[in-house]
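Engineer: First, the structure itself, so that you have it in front of you.
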Amino acid sequence: MSVLRSRPVLRWLVPATAAVAVIGGGAAIGTFAAEAEPSLPPRTAAQLLVDLQTSRLEGLSGTVVQRADLGLPPLVGLVPGNELTTLLTGTHTLRVWYSGPERQRVALLDTLGEQDVIRNGRDLWTWQSRTNTASHRTLGAAGAEKPAVEAGPQMPATPQQAADLALGAIDPSTEVSVGRSATVAGQDAYELVLEPRDGASLVHQLRIAIDAKQHVPLRFEVLAKGSDQPAFEVAFTQVDYRRPDADQFTFNPPPGVTVTEEKAERPAAGKPGHVAPAGDPQVRAVGTGWTTVLVARLDGALGGKPADAKPAVPTTGAKPAVPPAGGPPNVDVSKLLGGLTAVSGDWGSGRLLTGKLFSVLLTDDGRVLAGAVTPERLYQAARG
């Protein structure tokens, strides 16, 4: 099954998304209710990996609950919220429907409304109930490989999507083993455990509960070092393996909706479904595996300047009148930076943001370093 397949990611997985989002308000998290451990025939880690990669599913529908407690500092309100920041904190409920690679639907439910992403053949719809606005795009022939949820939230929204990220990260830096069996959403499941070998990683374990019969990921958990409770988890609370009715993938615009027609993006040559990024992101990766550090230069976005720049009027404490191009709107930079810990060393000086699963270093010379690693690993990369 491929309900939600992510765009390509670096090998530091789920925490990477959080590491580049400077927000706050982590809520208390509780694990999903545990049921009696079922008795299942023994399976090796290699067998479970094969099960995941060879599973074939014609249809599925169900309810998914996602919970996150990333240990973010109290910076709520300093950075505008969106679908990404919404999924980084608290508890959220999603409904999912799957009927093959060309018919998928995800609905994110919250107290203020609903957001839907619907793929039905070549038609891709998104809808927000709060604004009663929708967008429509007609996918070309290459769009058959493009997932509907590219237009939706970028945090893993289902156990399948999170498992896809995890499987892409397996390399010699990862220890793979079999955990305890479990019952998830009424289904008996095996548990596959992925654990980084490098002590500089803040990730302790990734745990994937796999349906013993259908071989579908039913639960995905990320545990931070020093904790026995998940910092991030997404799991089915109800699942049905029957093919959903075709009506579930038909978008019927509600009265008064404003619909925007979007142009289809052109895939890059040689990579179906891949869209080339606009401009040079000035991002490079330092290291490999779980301790990869992303280094980006954001000159001017956070008051920093290149090391060889001419002296300018000090910008400390200033709030830019116009948001930087491509940057987040309405960000009070002075308050944002003031809420972070000041740090310095032989690499320079800057501000540090830390969470349970990530660290972010904003240097005074305009760099951003982020990874699911200890601050010491960021300082090492900054000396670079």
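Engineer: So how exposed is R103, as accessible area in Å² (1.4 Å probe, rounded to 10)?
Structural biologist: 100 Å²
Engineer: Here's another thing I want to ask about it. Net charge within 11 Å of S129 by Cβ-Cβ distance, Lys/Arg positive one each and Asp/Glu negative one each, not counting S129 itself?
Structural biologist: -2
Engineer: Oh, and also: Could you pull out which residues in the stretch 161-188 have an amide N less than 14 Å from a spot 7 Å beyond the Cα of T288, following the Cα-Cβ vector?
Structural biologist: Counting backbone N atoms under 14 Å from the label point, the list is 169-174.
Engineer: Work through the residues other than G62 whose Cβ is under 14 Å from its Cβ and net out their charges, Lys, Arg +1 and Asp, Glu -1.
Structural biologist: Residues near G62 contribute +3 overall.
Engineer: Next up: Which value in nm describes the separation of the simple spin-label points at T91 and R383, placed 7 Å from the Cα toward the beta carbon?
Structural biologist: Calculated label separation equals 4.5 nm.
Engineer: Between D171 and Q128, what length comes free when the chain is fully extended (0.36 nm per residue of separation minus the Cα-Cα distance, one decimal in nm)?
Structural biologist: Stretched fully, the D171-Q128 segment lengthens by 11.5 nm.
Engineer: Using a 1.4 angstrom probe and counting only protein chains, how large is the accessible area of R297 in Å², to 10?
Structural biologist: Surface open to solvent at R297 totals about 70 Å².
Engineer: Right, next: Can you send over the solvent-accessible area of T288, 1.4 Å probe, protein chains only, in Å² to the nearest 10?
Structural biologist: About 110 Å², rounded to the nearest 10.
The values are calculated or read from the model by the stated rules, or taken from the named source; none is laboratory data. Source: prediction; values computed, not measured. When we count neighbours, we look across all protein chains shown, and the Cβ atoms used for this are built from the backbone with ideal geometry, even at glycine. All accessible areas refer to the heavy atoms of the entire protein, side chains included, with ligands and DNA or RNA removed. Shrake-Rupley method; radii C 1.70, N 1.55, O 1.52, S 1.80 Å.
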